[in-house]
1. Per residue of segment 145-159, what does 6.51 cos²θ - 1.76 cosθ + 1.60 with θ = phi - 60° give for ³J(HN,Hα)? Whole Hz please, x for Gly and Pro, Karplus curve as stated.
2. List Arg103, Arg54 from most exposed to least, where exposure is judged by having the fewest other Cβ atoms within 10 Å.
3. Could you sort the peptides 130-140, 63-73, 108-118 by per-residue average Cβ neighbour count (10 Å cutoff), highest mean leading?
4. What's the local net charge at Val124, with K and R +1, D and E -1, over the other residues with C-beta under 11 Å away?
5. If you average the C-alpha positions of segment 98-136 and of segment 3-52 separately, how far apart do those two centres end up, in angstrom?
6. What shape does segment 54-165 have by the C-alpha gyration tensor, where a ≥ b ≥ c are the square roots of the eigenvalues, rounded means a/c under 1.5, and otherwise prolate means a/b greater than b/c and oblate the rest?
7. Collect residues whose amide H, placed 1.01 Å from N in the peptide plane, falls under 5 Å from the amide H of Lys166; neighbours closer than 5 in sequence don't count.
8. Tell me, what HN-Hα J-couplings in whole Hz come from the Karplus equation 6.51 cos²θ - 1.76 cosθ + 1.60 at θ = phi - 60° for each residue of segment 129-141, using x for Gly and Pro?
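Bear in mind these aren't lab numbers, they're just calculated from the coordinates by the rules spelled out. The model shown is predicted, which means the values in this text are computed figures rather than measured ones. Every residue, glycine among them, receives a Cβ derived from its backbone with ideal geometry; neighbour counts consider all protein chains shown.
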Amino acid sequence: MADPLKAICEDSLERFWTWLSLMLAVIAAILLGFYAVAGNINPPSNVETIDSSRLHLTEEFAEDNLGVKTNPDGSITVTMVAARYGFYPQEIEVPAETPVTFRLASADVLHGVHAPYTNMATMVVPGYVSEVNTMFPKAGEYPLFCNEYCGLGHDHMWSRLTVVEKTAGGE
Ligand code: CUA
């Protein structure tokens with residue numbers, strides 16, 4: 001079979017590496033498509049705006065309403081505010097093997113949140129509500145780190161996420 005690259009490149013080794021990198025790009029695109037369809041793994045698509053300077057006046061992100069709530073269907077919603085320099089509330093406890101939806105809003109600047117060894121990670125952009133749907137397979141203690149530089153206290157911006165064994169009652 002004639003190599004279509006031959007028209008623009010004489011060197012066979014160079015053509016080999018060009019083909020190889022093209023194939024890698026094609027394989028990566030196929031894998032992305034596969035996991036998007038089969039595993040429903042997509043970039044966060046929740047677009048919901050909020051006035052970051054008035055979070056305390058909203059119902060959802062008022063201080064008294066933050067934290068972990070169990071929904072009627074047994075899933076969990078965690079509402080948190082990210083602000084220099086912490087995630088509030090700072091202690092979160094959720095059950096393992098249960099669908100968890102995190103809803104985060106920033107009260108000031110751009111933050112990010114990441115729980116190592118899990119797929120819980122998102123940017124928290126002021127003016128928007130960030131939403132992450134996940135499930136923690138294993139009980140344990142996970143720190144929640146800020147992973148967007150947000151000021152001098154950035155390195156100290158973290159809170160504690162505790163995943164406990166799922167109980168029969170589902171609580
Ligand atoms: Cu918040 Cu870095």
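1. 9, 8, 10, 10, 4, 10, x, 4, x, 3, 5, 9, 8, 7, 8
2. So the ranking, lowest neighbour count to highest, is Arg54, Arg103.
3. So the order, starting with the most tightly packed, is 108-118, 130-140, 63-73.
4. Details: positive: Arg103; negative: Asp108, Glu131, Glu148.
Once positives and negatives cancel, what remains is -2.
5. If we compute the Cα centre of each part, the gap is 27 Å.
6. Values: a/c = 1.93, a/b = 1.26, b/c = 1.53.
Since a/c reaches 1.5 but b/c is at least a/b, the shape of segment 54-165 is classed as oblate.
7. For Lys166, whose amide H was placed from the backbone, the distant partners under 5 Å are Ala96.
8. Working through the residues one at a time gives 9, 8, 10, 10, 9, 8, 8, 9, x, 10, 5, x, 9 Hz.
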